[in-house]
Amino acid sequence: MAEAHQSFEEYCRTVFDAKKIFEKPEAFKGYVAISTTQYILGPSCANYFAELGAETIKIELPRRGEPMRHTTPYNEPFLYPLSKQMPDKGTGLGFFGANHNEYFLSVDFHKPEGVEIVHRIQAKADIQAENYRPGTFDRWGIGYRQASKINPRLIYIWMGGFGGWGPGRVRASYDILGQAQGGTFSITGFPGPGQGHPAVGLPSKHTIWLADYWGGMMGCFAGLAALWWRDNVSGTGEFIEYSQVHGATRIIEGTLPLYGRYGVIRQRWGNWDTELCVHGIVQAGKSSYPGSNIPLEMEPGQILISAPEDSDYAKLCKLVPNLAPLAGKYARYEDRIQPAAQTEIYTALEAWAKDKTKEEVWKLMEDNNINSQPVWSNKEASKQEHFHLRDELHWLDDPTFGDVLSQGLPYHLSETPARHRWVFKPVGADNEYILQKYCGYGLDQIRELEKNDII
Amino acid sequence: MTEIKSSDIPVLPWPAVPIPTPDEVYKGLSEAARNYPNWLEENVHFRDVGKKPEKLSRLRVLDVTQKSMSGHWCTSLFGEHGAEVIMVEPPGGDPTRKLTPFNRKQLMFKDNVVGEAIGSKFLHECRNKSSITLNLETAEGRELLKKLVVDSDVLVENYPPGQFDAWGIGYRQLSQLNPRLVYCWVGQRGQWGPLKDRPWMYDPVAQSACGFTHGTGAPAAFGGRPTRSGMWVCDYVGGTTAAMGIMAALNYRDRISGRGQFVEATGAAGIMRIIDYNWGWQGMDGSIRPRFGNWDLAINIYAVNPCKDGQIMVGGGHDRLWYRIWKTVGKDRPELEQHIVEDPALKVVVDRLPFYAQVETYTTFADWFKDNSRLEAELKLQAEEVASGGVTFADEVAEFPHFKYRGHVNVIDDVLYGKILHSPPSQLAQKAPPRLKWIGRPTGYDNEEVYRRIFGFKKDDIDGLKRRGVI
């Protein structure tokens, strides 16, 4: 038990102890979620419910499964097998982050027997995430309009690119289309020429499938709120529509108010900050891995130095000889934040860090109480005891694939923590379990369905 | 440096181009084809939100965060879904209010009562919230917070790790006063563990620590270097995970346990959860995810391509789109289409993913783009129903017909701030949709109302608090 006499840190280590996660209850034990999804946006949304304890049934087309199973960096890493029918094929790592803990059912939605299976599961489900093209499930008879008649308490989250109505409704979308069309590209990366920044670059994407994964979180939050409303207030289900292109517009900060009132079109400012200084990423000229022949490790290091307050800046100037001449000139925030000042300050910092590794700079900053953080690759981040201790990253003994390094949990709950059981399973791995439990089918019926390519 | 004066560029009214009408949008569609979009429009259009209930209107959320956006973003989600959100700010207000690009004060927003200027970033996430001031550095201020907590459901804070606990207002103490309280701390790397947060760490700390920045930007061979997001993206992602954790805790409290819990969310963990396949890949063979510019390691075609006058995104991760893309190219440049579709090494989807295959694809594609403007390319590709769209800037985002039609970009005529262009809640819903009710409040604008309503204070009490520097 967490005691009052513990230090705060010990107390946190006790209540959030990753080793105790499986001794605690799950927030959504007994809840049933359906994931009729593909790619990342819809799957990740359903996955967040699976982490919280809902029994989540992922329904895919038989044999080959959903397209994301065939997506992997450079076509190199795969996890085998893909399905019972295709044991020599594997699932690509694109499938990795968005399908933890789920049960895998394969159903051909196009056939009436398949529709019947979906209806039987919908009758018992609390949540459904779906991201086929708008209206497709409606046409197949398994959309919200039909499902809500079978089960009025069902919360149905449709997610996709542009939404099912309006001028763009027929347009296909992907994560980076959301990022491009929503405006996040236009404010990320190094600025165009002649904008007062020494480095020049193009609008840049967020390298991760941000609009998908984070969009899934937005859908999940709406779903959690709908569950709360259903169970505590209304008793009724809900239909939610989430457009990832719009989602990307929602997080471009104050860009729209600025444009609307002042006509200012926000641009890019590289690795520095338009609102805080010093608060930017500085190149440390020396590689941290002198003996390495891996190109990414031979590159110079990068480190964030954050000393935005006047007092931090004064401290930094004492520490960095190259900055000393600029100490008085830019002692005040309002002078330091100007574009020309930032160029001068960061140039001086980079000149100083030219013969240092990012670790050397980091140590100096840490010793002097200045916030800083090396720019870590995934390899460097994965070696941090911190993230493993907190279960934000872990080696998972997966029942199908053995030891895998996997992302852990996005947040910590002291009483009902989320948890990961397995990363995913082959296509149709849980057909028998799900069809018995939710549809009332016996083995003979299941074999029949298999024979007729329904599952 | 002296202050830069406002330019004289006239600001266009919004919308500069009229919003399309339903007749224009659904022109030429059969009754059957109109049925589903019409049903959706009747059920989820934002114009009807005022007639519908709000999901979380029975909840009270205290936003005791400052100097960052994670907490404000988190509570925005609650505010949009109907919860009463009270921002508890230090006297003088959260310093984030004062942030404006390059300190350009002429780009701030003033309310018409107090005349306080606030920056656009803060204004956008001040929505549906009220603001009170409370000086937590005074014992009296902390006592008032305790009283406020007694009748609240959620408290979100982001002070340095252990600060609230040391002040006697941490989870350990407040959960004694209100066992139903869901208490959430949001930060960058965490409030415990070897890399725990130091005082006032900001978003890029998390961006740099989690592997995100290292993998973003162009490869070194193209002159690129690790690139941070232009947004405080870890604040937004970490804030969203915090909101998910809190909402899960509320569900559990009200359905099962009757008790709240302690929630912790960080920007680093939020991004690490969603950083694609990085961990699995590295665990398998030690790979470090390389920077790949505006291309994608795992999908081809899936990239932002340079064209005559800008950049355009094109995606075609499976055969159907792949051949449509090259058909589009082939209409202008048959030899380019031929070059690609006749290459045996590019016949199968996954065979297109290795590096050399991507180089071949995109250099061939670029040959077509160099003769096409963004608009020309977009029209040609969309005629073949290929997922594509320009890299758009704020002005184009604001005027994008689809956004205008659906209300994804909208103007609110706020009682205090006047006309503000903004992005409303992005989750539409049929029965109890989230909504924007007001855009923001000046610092402490609701002191009088909240201290009277919740504490039963009279004018003398409030004046006394002000005099003693408590509010």
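Rule-based calculations on the coordinates, nothing more; no lab input. In this text the structure is predicted, and so the values were computed from the model without any measurement. Virtual Cβ from ideal backbone geometry, glycine too; neighbours counted across all protein chains shown.
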The rounded separation in angstrom of the Cα centers of the range B:409-424 and the range B:119-171 is 27
Taking r as the C-beta separation of residue B:345 and residue B:308 and R0 as 25 Å, the FRET efficiency to the nearest 0.05 is 0.30
Taking every residue of A:184-194, the Cβ atoms of other protein chains inside 10 Å of its Cβ average out to 5
Dividing the alpha-carbon radius of gyration of the range B:273-354 by 2.2 N^0.38 Å, where N counts its residues, gives 1.29
With 0.36 nm assigned to each residue of separation and the Cα-Cα distance removed, residue B:32 to residue B:176 gains 45.9 nm
In the range B:264-358, the GluC sites (Glu not before Pro) that sit in a DSSP loop and have at most 11 other Cβ atoms within 10 Å of their own Cβ are B:342
Where a ≥ b ≥ c are root eigenvalues of the Cα gyration tensor, a/c under 1.5 meaning rounded, otherwise prolate if a/b exceeds b/c and oblate otherwise, the range B:261-313 counts as oblate
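Any idea what % of Cα-Cα pairs in the range A:216-267 are farther than 17 Å?
Of all Cα-Cα pairs in the range A:216-267, 54 percent lie more than 17 Å apart.
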Check: C-alpha center the range B:69-110 vs C-alpha center the range A:58-110, spacing in Å is 43
Rounded to a whole number, the mean other protein chain Cβ count within 10 angstrom for residues of B:47-54 is 1
Dividing the mean separation of Cα pairs under 8 Å (6+ apart) by the residue count of the range B:145-221 yields a relative contact order in percent of 29
Fewest-first ordering of A:292, B:131, A:44 by Cβ atoms within 10 Å yields A:292, B:131, A:44
So, with points 7 Å from each Cα along the Cβ direction, the residue A:383-residue A:334 label distance in nm works out to 4.7
In debye to the nearest 20, the charge dipole size for chain B, taken about the Cα centre with +1 at each Lys and Arg Cβ and -1 at each Asp and Glu Cβ, equals 1420
Where a ≥ b ≥ c are root eigenvalues of the Cα gyration tensor, a/c under 1.5 meaning rounded, otherwise prolate if a/b exceeds b/c and oblate otherwise, the range B:10-79 counts as oblate
For the range B:293-375, listing trypsin sites (Lys or Arg not before Pro) in a DSSP loop whose Cβ sees at most 12 other Cβ atoms within 10 Å gives B:347, B:370
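Take the alpha carbon gyration tensor of the protein assembly as shown, find the square roots of its eigenvalues, order them as a ≥ b ≥ c, and report rounded if a/c is under 1.5; if not, report prolate when a/b exceeds b/c, else oblate.
Rounded shape, in that the Cα axes give a/c under 1.5.
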For residue B:466, placing the label point 7 angstrom along Cα-to-beta-carbon and taking the range B:130-159, residues whose amide nitrogen sits under 20 Å are B:130-138, B:140-142, B:144-145
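Would you please calculate the Kirkwood hydrodynamic radius of chain B over all C-alpha pairs and express it in Å, rounded to one decimal?
Every distinct Cα pair counted, the radius reaches 25.6 Å.
Could you please report the charge total around residue A:322, scoring K, R as +1 and D, E as -1 over all other residues with beta-carbon less than 11 angstrom from its beta-carbon?
With Lys, Arg at +1 and Asp, Glu at -1, the net is -1.
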Expected sort for A:18-28, A:300-310, B:146-156 on mean C-beta neighbours within 10 Å, highest first, is A:300-310, B:146-156, A:18-28
Residues whose built amide H sits under 5 Å from the amide H of residue B:65, excluding neighbours closer than 5 in sequence, are B:88
With -39,500 (n - 2.57) per DSSP H segment of 4 or more residues and division by the full residue count of chain A, the 222 nm estimate, nearest 500 deg cm²/dmol, is -9000 deg cm²/dmol
Loop-resident trypsin sites (Lys or Arg not before Pro) in the range A:98-202 with no more than 12 other Cβ atoms inside 10 Å, DSSP not H/G/I/E/B, are none
Nearest-0.05 FRET efficiency for residue B:256 and residue A:64 at R0 = 41 Å, using Cβ-Cβ distance, is 0.55
Treating only Lys and Arg (+1) and Asp and Glu (-1) as charged, each at its beta carbon, one finds that the protein assembly as shown has a dipole about its Cα centre, in Debye to the nearest 20, of 1320
If every Lys and Arg gets +1 and every Asp and Glu gets -1 at its Cβ, then about the Cα centre the range A:182-329 yields a dipole, in debye to the nearest 20, of 420
Cβ density ranking, 10 Å radius, fewest first, applied to A:441, B:159 yields A:441, B:159
From the Cα centre of the range A:207-280 to that of the range A:281-354, the distance in Å is 31
For the range A:62-78, in residue order, the Karplus 3J(HN,Hα) values (coefficients 6.51, -1.76, 1.60; θ = phi - 60°; whole Hz; Gly and Pro = x) are x, 6, 8, x, 7, x, 5, 5, 9, 10, 7, x, 6, 6, 9, x, 9
The range A:230-314: relative contact order from alpha carbon pairs under 8 Å, six or more residues apart, as a whole percent, is 20
Going from the fewest other Cβ atoms within 10 Å to the most, one would list A:16, A:401 as A:401, A:16
For the range B:431-438, in residue order, the Karplus 3J(HN,Hα) values (coefficients 6.51, -1.76, 1.60; θ = phi - 60°; whole Hz; Gly and Pro = x) are 9, 9, x, x, 7, 9, 9, 8
If amide H atoms are modeled at 1.01 Å from N in the peptide plane, then the residues at a separation of 5 or more from residue A:128, or on another chain, having amide H under 5 Å from its own are A:34, A:155, A:156, A:157
Expected integer from the mean partner chain Cβ neighbour count at 10 Å over A:235-245 is 5
For the range A:359-365, in residue order, the Karplus 3J(HN,Hα) values (coefficients 6.51, -1.76, 1.60; θ = phi - 60°; whole Hz; Gly and Pro = x) are 5, 5, 5, 4, 4, 4, 5
So the FRET efficiency between residue A:139 and residue B:366, C-beta based with R0 = 30 Å and rounded to 0.05, is 0.20
To the nearest 10 degrees, the tilt of helix A:41-51 (Cα long axis) against the first principal axis of the alpha carbons of chain A is 80
The relative contact order of chain B, taking Cα pairs under 8 Å that sit 6 or more residues apart, comes to a percentage of 20
Pseudo-spin-label distance residue B:24 to residue B:318, built 7 Å along Cα→Cβ, given in nm, is 3.4
